[in-house]
Amino acid sequence: MGAGVIARRLGLISAAGLERIVAESRSGFDQVPWDSPEQEAAMRELLDRDVALAEGQPVSPKSR
């Protein structure tokens with residue numbers, strides 16, 4: 001999803017296109033067979049960070 005955020009900032013995709021990327025990323029995330037709850041939690045943190053970036057929310061330096 002990070003690439004989608006960059007593509008949107010460069011004007012290469014529309015806002016609607018980025019919204020579709022976010023929706024598909026969220027949907028696909030729930031389909032992944034995680035090896036452990038810790039792995040899922042770590043990846044959810046990254047997903048949440050990218051969603052925040054896509055939605056234009058500030059992201060703390062720790063999560064970048």
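Values in this text are rule-based calculations from the coordinates and carry no lab data. Just so it is clear, the model here is predicted, and its values are computed rather than measured. All Cβ positions, glycine included, derive from the backbone under ideal geometry; neighbour counts span all protein chains shown.
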Mean projected area (nm²) of the alpha-carbon convex hull when the stretch 2-63 is viewed from all directions: 4.5 nm²
Per-peptide average of other Cβ atoms within 10 Å, ordering 47-53, 30-36, 11-17, 1-7 highest first: 47-53, 1-7, 11-17, 30-36
Rounded tilt (10° steps) of 15-29 against the dominant C-alpha axis of the chain: 10 degrees
Tilt relative to the chain, helix 37-54 - C-alpha long axis, 0 to 90 degrees, to 10: 10 degrees
